[in-house]
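Notes follow once the structure below has been shown.
The values are calculated or read from the model by the stated rules, or taken from the named source; none is laboratory data. Not measured: the values here are computed from a predicted model. Note that we place each Cβ from the backbone using ideal geometry, even for glycine, and neighbour counts take in every protein chain shown.
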Amino acid sequence: MTLERTGGCLCGAVRFTARLKDTNFGACHCEMCRRWTGSALLGVTVPEGDVTWHGTDHIATRQTSDWAMRAWCRDCGAGLYFKVTQDSPWKGNVELPIGILDDASGLTMTNEIYIDHKPDSYAYAGEGRTLMTRQQCIDKFAVLASDGGQP
Ligand SMILES: [Zn+2]
Ligand SMILES: [Zn+2]
């Protein structure tokens, strides 16, 4: 299975090639990810340097908290990435929504975070994933605490 995946936005103005570290990805149910994606963020983590972007003049960004930014296509509005900007072991890590990969097959959801913020209206099938509450995320990623735990 190749770990190199291509993808792009809805209108095609922004394209990318990413080299995944592995086939794992996670879901984030926090309020900001819900509002940004319309549901939950299903994201695969890739170091910033392992993504090559094309059409960068079409990318708009917004610092959405003290420690992270989000990006989207300014032409079609498709969400492109979440990136940690604050000095920390995770700085520069990019979360790519797996929905913008051309082929998101063969990946495995291994964790769900902010699980206690997930509406009871839906749930992902299957088990064996690592589930973390907001508080458990804050405890693990101490940097979050500086911004009220809101990614
Ligand atoms: Zn677009
Ligand atoms: Zn989130």
Taking F25 and the conditions (1) modelled with pLDDT of 95 or more; (2) touching a Lys or Arg at 6+ places or on another chain (Cβ under 9 Å); (3) aromatic (F, W, Y), which numbered condition does it fall short on, given that it satisfies the others? (2)
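Specify the residue that is nearest to ligand 1 (Cβ to nearest atom); the eligible residues are those in segment 91-103 that are part of a loop (DSSP other than H, G, I, E, B) and modelled with pLDDT of 95 or more.
Going through segment 91-103, the residues part of a loop (DSSP other than H, G, I, E, B) turn out to be 91-92, 102-103.
Now restrict to residues that are modelled with pLDDT of 95 or more: 102-103.
Details: D102: 14, D103: 19 Å.
Step by step, filter segment 91-103, then rank; the result is D102.
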Can you tell me which residue within segment 68-83, out of those that are in a loop (DSSP other than H, G, I, E, B) and touching a helix residue (DSSP H, G or I) at 6+ places or on another chain (Cβ under 6 Å), is surrounded by the most Cβ atoms within 10 Å (Cβ to Cβ)? D75
For P119, work out the one condition from (1) in contact with a His (Cβ under 9 Å, 6 or more places away or on another chain); (2) surrounded by 14 or more Cβ atoms within 10 Å (Cβ to Cβ); (3) closer than 16 Å to H29 by Cβ it doesn't fulfil. (2)
Of everything in segment 27-67 that's in a strand (DSSP E or B) and buried (at least 20 other Cβ atoms within 10 Å of the Cβ), which residue is nearest to ligand 2 (Cβ to nearest atom)? C28
Per the filter on segment 107-151, residues under 30 Å from T52 (Cα atoms), part of a loop (DSSP other than H, G, I, E, B) and modelled with pLDDT of 95 or more are L107, Y114, R129
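So in segment 50-90, with the set limited to residues that are closer than 21 Å to G26 by Cβ and out of contact with any Lys or Arg (no Cβ under 9 Å at 6 or more places or on another chain), which one is modelled with the highest pLDDT? Can you show your working first?
Initially, segment 50-90 is screened for residues closer than 21 Å to G26 by Cβ, giving 50-51, 64-65, 67-72, 78-86, 88-90.
Narrowing the set further to residues that are out of contact with any Lys or Arg (no Cβ under 9 Å at 6 or more places or on another chain) leaves 65, 78, 86, 88-90.
On the way: S65: 91, A78: 97, Q86: 90, S88: 86, P89: 87, W90: 89.
So, considering only residues that are closer than 21 Å to G26 by Cβ and out of contact with any Lys or Arg (no Cβ under 9 Å at 6 or more places or on another chain), the one modelled with the highest pLDDT is A78.
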